[in-house]
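K.L.:
Before anything else, here's the structure in question.
The values are calculated or read from the model by the stated rules, or taken from the named source; none is laboratory data. Source: prediction; values computed, not measured. Backbone-built Cβ (ideal geometry, glycine too); neighbour counts: all protein chains shown. Ligands, DNA and RNA are excluded from the accessible area calculation, which covers all protein heavy atoms including side chains. Shrake-Rupley method; radii C 1.70, N 1.55, O 1.52, S 1.80 Å.
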Amino acid sequence: FCIIPSMRGDLVSRPIGEVLAEAERLLRAGVRELLVISQDTSAYGVDVRYRTGFWQGRPLKTRMQALAEALDALGRAHGAWVRLHYVYPYPHVDDVVPLMRDDGAGGGLLPYLDVPFQHASPRILKLMKRPAAPEKVLDRVHAWRRERPRMTIRSTFIVGFPGETEAEFAELLAFLEAAQLDRVGCFAYSPVAGAAANALPDPVPEDVKEDRRARFMARQAAISAAKLATRVGTTEHVLVDGRVEARRGRRKVVVAHARGIADAPEIDGRVTIDDGDALVAGQFARVTIVAADAHDLTARLAN
């Protein structure tokens, strides 16, 4: 894991040379995947006015683009994946997308972005103090996918924010259909100590929050199932997490659990490799997808 700014409070960008030195240490130690995690990865360097740092004797701006380029080169040199999290849909993110590798083979920056959209109603987004232009966000999502058709976009949303109406929740469902996101999490709003939202009027009743969360996740499950079904029959590059025992009818068998380029550890789906009993954790493999459900895939080793 490669942590950049602070996770709470004011953004504090670590020196780019320090971040890259940590990444190189992890890769030299055998780490096969780096996750870039921060409060706002796309704002990297804003607090220091994109100050010039140094890495391996050469100057680099403290900026998301320069960091992504350097991490991509490190990942390819070590045959490891690099995955970006907590990226807000600012215009300069468009310049990072062309750096992404199509299928993860050979390592480098994956076609994966974790973008916390939060909501789709302009009024609710303003109350959340988030950028409030869902139509521009959709345009950006579609442009990213034109550039990288295999792009995976994961996001998180909050339902039941104070004052959220049924019509505004319907806006969120419409956004979900239009965006066709690959991986989605949803939380029912709950007060946080010291948050300004605690003072907002018209709190949403708990039962309504939970109903909306369930309806949201049901809608996304259908989207996810349809998208994963299109991958059946394709051959993909996966990273093995380990082996486990599983039941196939009355038999106990050993299978491998792995992840593809669309699957960040612990938060996304997994790929079960039915004939992966000889695979080991940290190994890359080529597999053919043979089945899918709403979240996970089943595969066999490719010939």
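K.L.:
Filter the range 277-296 down to residues that are part of a loop (DSSP other than H, G, I, E, B), under 29 Å from residue 222 (Cα atoms) and not acidic (Asp, Glu) and give me whichever is nearest to the chain's Cα centre (by Cα).
P.N.:
So the first thing to find is which residues in the range 277-296 are part of a loop (DSSP other than H, G, I, E, B), and the list is 277-283, 293-296.
Now narrow it down to the ones that are under 29 Å from residue 222 (Cα atoms): 293-296.
If we keep only those that are not acidic (Asp, Glu) too, we end up with 294-295.
Numbers: 294: 17, 295: 14 Å.
Per the stated criteria, the residue is 295.
K.L.:
Sticking with this one: Within the group 245, 236, which residue is at pLDDT 95 or above and either acidic (Asp, Glu) or part of a loop (DSSP other than H, G, I, E, B) (or both)?
P.N.:
Numbers: 245 fails: at pLDDT 95 or above.
Matching residue, one of 245, 236: 236.
K.L.:
I need the full set of residues from the range 287-303 which are closer than 25 Å to residue 85 by Cα and out of contact with any helix residue (DSSP H, G or I) (no Cβ under 6 Å at 6 or more places or on another chain), in order please.
P.N.:
Passing the criteria: 293, 295, 296, 297.
K.L.:
Kindly establish whether residue 57 is without any contact (Cβ under 8 Å) to a residue 40 or more places away in the chain and surrounded by fewer than 16 Cβ atoms within 10 Å (Cβ to Cβ). Before you say what the answer is, go through the steps one by one.
P.N.:
On the way: without any contact (Cβ under 8 Å) to a residue 40 or more places away in the chain: yes; surrounded by fewer than 16 Cβ atoms within 10 Å (Cβ to Cβ): yes.
Against the criterion (without any contact (Cβ under 8 Å) to a residue 40 or more places away in the chain and surrounded by fewer than 16 Cβ atoms within 10 Å (Cβ to Cβ)), residue 57 qualifies.
K.L.:
Scanning the range 119-153 for residues that are charged (D, E, K, R) and assigned to a loop (DSSP other than H, G, I, E, B), which turns out most open to solvent (accessible area, probe 1.4 Å)? Step through it out loud before you land on a result.
P.N.:
Filtering the range 119-153 down to residues charged (D, E, K, R) leaves 123, 126, 129-130, 135-136, 139-140, 145-148, 150.
With assigned to a loop (DSSP other than H, G, I, E, B) added as a condition, the list becomes 129-130, 148, 150.
Numbers: 129: 164, 130: 85, 148: 42, 150: 100 Å².
Here the answer is 129.
K.L.:
What number of residues within the range 15-54 are over 21 Å from the mean Cα position of the chain (by Cα) and open to solvent by 20 Å² or more (accessible area, probe 1.4 Å)?
P.N.:
So the answer is 17.
So that you can scan it fast, the table gives a plain yes or no per residue for (1) in contact with a Lys or Arg (Cβ under 6 Å, 6 or more places away or on another chain); (2) assigned to a helix (DSSP H, G or I); (3) modelled with pLDDT of 95 or more:
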{"site": "13", "(1), (2), (3)": "no, no, no"}
{"site": "22", "(1), (2), (3)": "no, yes, yes"}
{"site": "27", "(1), (2), (3)": "no, yes, yes"}
{"site": "35", "(1), (2), (3)": "yes, no, yes"}
{"site": "60", "(1), (2), (3)": "no, no, yes"}
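K.L.:
Check the range 255-272 and report whether any residue there is of a type in the set (D, E, K, R), touching a helix residue (DSSP H, G or I) at 6+ places or on another chain (Cβ under 9 Å) and open to solvent by 50 Å² or more (accessible area, probe 1.4 Å).
P.N.:
As a first pass, look at the range 255-272 and keep what is of a type in the set (D, E, K, R): 259, 263, 266, 268, 270.
Applying the additional criterion that residues be touching a helix residue (DSSP H, G or I) at 6+ places or on another chain (Cβ under 9 Å) yields none.
The answer is no; no qualifying residue exists.
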